[in-house]
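Working notes, beginning with the structure itself.
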Amino acid sequence: MSPDPITLIRNFIQEVNESPKVDFIESYLSSEFKAHGSADELDGKTDRDKVKDFLEDLREGLSGLSVKVLVEFSKEELVATVSEYRGVHDKGTLWGVSPTGNSISFLAIGINRVIDGRVVEHWGLFDTAALMTQLSSGDEIN
(Lines give C-alpha, C1' and ligand atoms only; values in the text may rest on other atoms or scores of the structure.)
Protein backbone atom coordinates (compact mmCIF):
# COMPACT_ATOMS: atom_id res chain seq x y z
CA MET A 1 0.00 0.00 0.00
CA SER A 2 1.38 3.41 -0.94
CA PRO A 3 1.71 6.13 1.69
CA ASP A 4 -0.84 8.89 2.02
CA PRO A 5 -0.03 12.00 -0.09
CA ILE A 6 1.42 14.12 2.73
CA THR A 7 3.70 11.26 3.87
CA LEU A 8 4.87 10.73 0.29
CA ILE A 9 5.87 14.41 0.00
CA ARG A 10 7.59 14.33 3.42
CA ASN A 11 9.55 11.25 2.30
CA PHE A 12 10.51 12.97 -0.98
CA ILE A 13 11.84 16.01 0.90
CA GLN A 14 13.77 13.74 3.28
CA GLU A 15 15.37 12.07 0.23
CA VAL A 16 16.33 15.51 -1.13
CA ASN A 17 18.17 16.14 2.15
CA GLU A 18 19.80 12.73 2.57
CA SER A 19 20.48 11.12 -0.82
CA PRO A 20 23.81 11.88 -2.47
CA LYS A 21 22.26 11.37 -5.94
CA VAL A 22 18.89 12.29 -7.40
CA ASP A 23 18.09 8.81 -8.75
CA PHE A 24 15.29 8.53 -6.18
CA ILE A 25 13.10 10.87 -8.26
CA GLU A 26 11.63 8.05 -10.37
CA SER A 27 10.23 6.40 -7.24
CA TYR A 28 8.25 9.56 -6.40
CA LEU A 29 7.35 11.19 -9.71
CA SER A 30 5.00 9.52 -12.21
CA SER A 31 6.28 8.99 -15.75
CA GLU A 32 3.44 11.34 -16.78
CA PHE A 33 4.60 13.96 -14.23
CA LYS A 34 3.93 17.57 -15.27
CA ALA A 35 5.56 20.60 -13.63
CA HIS A 36 4.21 24.14 -13.68
CA GLY A 37 5.92 27.29 -12.43
CA SER A 38 9.65 27.73 -11.82
CA ALA A 39 10.53 24.37 -13.38
CA ASP A 40 9.09 25.67 -16.68
CA GLU A 41 12.24 27.82 -16.96
CA LEU A 42 14.35 24.74 -17.79
CA ASP A 43 13.49 24.05 -21.43
CA GLY A 44 13.96 21.05 -23.69
CA LYS A 45 13.58 18.17 -21.25
CA THR A 46 10.90 16.03 -19.70
CA ASP A 47 9.42 17.49 -16.57
CA ARG A 48 11.00 14.76 -14.40
CA ASP A 49 14.37 15.66 -15.89
CA LYS A 50 13.74 19.33 -15.08
CA VAL A 51 13.32 18.42 -11.41
CA LYS A 52 16.50 16.32 -11.55
CA ASP A 53 18.41 19.19 -13.15
CA PHE A 54 17.18 21.66 -10.51
CA LEU A 55 18.27 19.40 -7.65
CA GLU A 56 21.57 18.49 -9.32
CA ASP A 57 22.33 22.20 -9.87
CA LEU A 58 21.72 22.88 -6.18
CA ARG A 59 23.87 19.91 -5.12
CA GLU A 60 26.72 20.89 -7.48
CA GLY A 61 26.72 24.51 -6.29
CA LEU A 62 25.88 24.26 -2.59
CA SER A 63 27.43 22.35 0.27
CA GLY A 64 25.28 21.46 3.24
CA LEU A 65 22.09 21.53 1.17
CA SER A 66 19.05 21.15 3.38
CA VAL A 67 15.34 21.57 2.84
CA LYS A 68 13.04 22.22 5.79
CA VAL A 69 9.26 22.20 5.49
CA LEU A 70 7.87 25.24 7.29
CA VAL A 71 4.18 24.75 6.47
CA GLU A 72 2.32 21.78 5.00
CA PHE A 73 -1.27 20.78 4.54
CA SER A 74 -3.27 18.51 2.32
CA LYS A 75 -6.72 18.14 0.90
CA GLU A 76 -7.54 14.88 -0.85
CA GLU A 77 -4.77 14.25 -3.41
CA LEU A 78 -3.21 17.74 -3.12
CA VAL A 79 -0.31 18.53 -0.78
CA ALA A 80 0.89 22.12 -0.29
CA THR A 81 4.24 23.00 1.27
CA VAL A 82 6.29 26.06 2.04
CA SER A 83 9.92 24.98 2.31
CA GLU A 84 13.20 26.68 3.09
CA TYR A 85 16.30 25.67 1.14
CA ARG A 86 19.69 26.39 2.73
CA GLY A 87 23.30 25.79 1.81
CA VAL A 88 26.67 27.43 1.24
CA HIS A 89 27.61 28.40 -2.32
CA ASP A 90 31.15 27.03 -2.17
CA LYS A 91 31.18 23.87 -4.32
CA GLY A 92 30.63 24.98 -7.88
CA THR A 93 28.91 27.26 -10.35
CA LEU A 94 25.23 27.76 -9.60
CA TRP A 95 23.11 29.13 -12.47
CA GLY A 96 26.07 30.88 -14.03
CA VAL A 97 27.55 32.26 -10.80
CA SER A 98 30.97 31.01 -9.68
CA PRO A 99 31.29 29.92 -6.03
CA THR A 100 30.97 32.89 -3.68
CA GLY A 101 31.21 31.28 -0.25
CA ASN A 102 27.89 32.93 0.58
CA SER A 103 25.28 31.30 2.79
CA ILE A 104 22.10 30.88 0.78
CA SER A 105 18.54 30.68 2.05
CA PHE A 106 15.40 30.87 -0.09
CA LEU A 107 11.77 29.85 0.15
CA ALA A 108 9.80 27.64 -2.21
CA ILE A 109 6.08 27.03 -2.42
CA GLY A 110 4.90 23.76 -3.90
CA ILE A 111 1.56 22.13 -4.53
CA ASN A 112 1.68 18.48 -5.57
CA ARG A 113 -1.08 16.22 -6.86
CA VAL A 114 -0.49 12.66 -5.69
CA ILE A 115 -2.34 9.77 -7.31
CA ASP A 116 -1.66 6.06 -6.69
CA GLY A 117 1.47 6.80 -4.66
CA ARG A 118 3.20 9.03 -7.25
CA VAL A 119 3.32 12.78 -7.85
CA VAL A 120 1.57 13.41 -11.16
CA GLU A 121 1.51 17.20 -11.14
CA HIS A 122 3.43 19.99 -9.41
CA TRP A 123 2.92 23.73 -9.22
CA GLY A 124 5.83 25.55 -7.70
CA LEU A 125 7.61 28.82 -7.32
CA PHE A 126 10.82 29.66 -5.55
CA ASP A 127 12.15 33.04 -4.53
CA THR A 128 14.51 33.55 -7.44
CA ALA A 129 15.09 37.22 -6.54
CA ALA A 130 16.31 36.35 -3.02
CA LEU A 131 18.51 33.58 -4.35
CA MET A 132 20.14 35.71 -7.05
CA THR A 133 20.64 38.62 -4.63
CA GLN A 134 22.43 36.33 -2.20
CA LEU A 135 24.56 34.84 -4.96
CA SER A 136 25.67 38.27 -6.12
CA SER A 137 25.97 40.23 -2.86
CA GLY A 138 26.34 37.74 -0.07
CA ASP A 139 23.45 39.28 1.87
CA GLU A 140 21.20 36.56 3.25
CA ILE A 141 17.54 37.45 2.87
CA ASN A 142 15.00 35.97 5.24
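Result for the chain in a Gaussian network model with C-alpha springs under 10 Å: among G110, G96, G124, the largest mean-square fluctuation is at G96.
May I ask you to derive the FRET efficiency for V97 and E26 from their Cβ-Cβ distance with R0 = 30 Å, giving the value to the nearest 0.05? The computed FRET efficiency comes out at 0.50.
Each part reduced to its alpha carbon centroid, segment 58-136 and segment 4-25 end up 13 Å apart. Look at the alpha carbon pairs under 8 Å that are at least 6 residues apart: their mean separation over the length of the chain gives a relative contact order of 25 percent. Each residue was assigned an accessible area with a 1.4 Å probe, and for S31 the value is about 90 Å². GNM, the chain, Cα, under 10 Å: largest mean-square fluctuation among D90, D53, D23? Ranking D90, D53, D23 by mean-square fluctuation puts D23 first. Other residues within the sphere of radius under 15 Å centred on the Cβ of S30, judged by their own Cβ, net out at -1 (K and R +1, D and E -1).
For segment 17-129, the number of Lys pairs with C-alpha atoms closer than 28 Å, counting only pairs eight or more positions apart or on separate chains, is 20.
Label-to-label distance for R10 and T133 is 3.3 nm, based on points extended 7 Å past Cα in the beta-carbon direction.
Structure remark: mean-square fluctuation, Gaussian network model of the chain, C-alpha springs under 10 Å; the largest value among E84, E56, E18 belongs to E18.
Estimated from the Cβ-Cβ distance and a Förster radius of 22 angstrom, the FRET efficiency linking E76 and H36 is about 0.75.
If you take every residue apart from G64 with its C-beta less than 12 Å away from the C-beta of G64, what net charge results, scoring Lys and Arg +1 and Asp and Glu -1? Write out the running numbers ahead of the final one.
Values: positive: R59, R86, K91; negative: D90.
Net charge in that neighbourhood comes out at +2.
Using a probe of 1.4 angstrom and keeping all protein chains present, the accessible surface of the chain works out to 54 square angstrom per residue.
Using the average count of surrounding beta-carbon atoms within 10 Å as a protection proxy, the listed peptides 113-120, 70-77 rank, highest first, as 113-120, 70-77. Seen against the Cα atoms of the chain and their longest principal axis, helix 128-137 is set at about 20 degrees.
Helical runs (DSSP H, four residues minimum) scored at -39500 (n - 2.57) apiece and divided by the length of the chain put the mean residue ellipticity at 222 nm at -8500 deg cm²/dmol.
Counting Lys and Arg as +1 and Asp and Glu as -1 over every other residue whose Cβ lies under 12 Å from the Cβ of S74, the net charge comes to -1. Given a Förster distance of 22 angstrom, what is the FRET efficiency for I109 paired with E56, based on the Cβ-Cβ distance and rounded to 0.05? The pair I109/E56 has a calculated efficiency of 0.55.
The values are calculated or read from the model by the stated rules, or taken from the named source; none is laboratory data. What you are looking at is a predicted structure, and each value in this text was computed from that prediction instead of being measured. Reconstructed Cβ throughout: ideal geometry from the backbone, glycine too, with neighbour counts over all protein chains shown. What goes into the accessible areas is simple: the full protein's heavy atoms, side chains included, and nothing from ligands, DNA or RNA. Shrake-Rupley method; radii C 1.70, N 1.55, O 1.52, S 1.80 Å.
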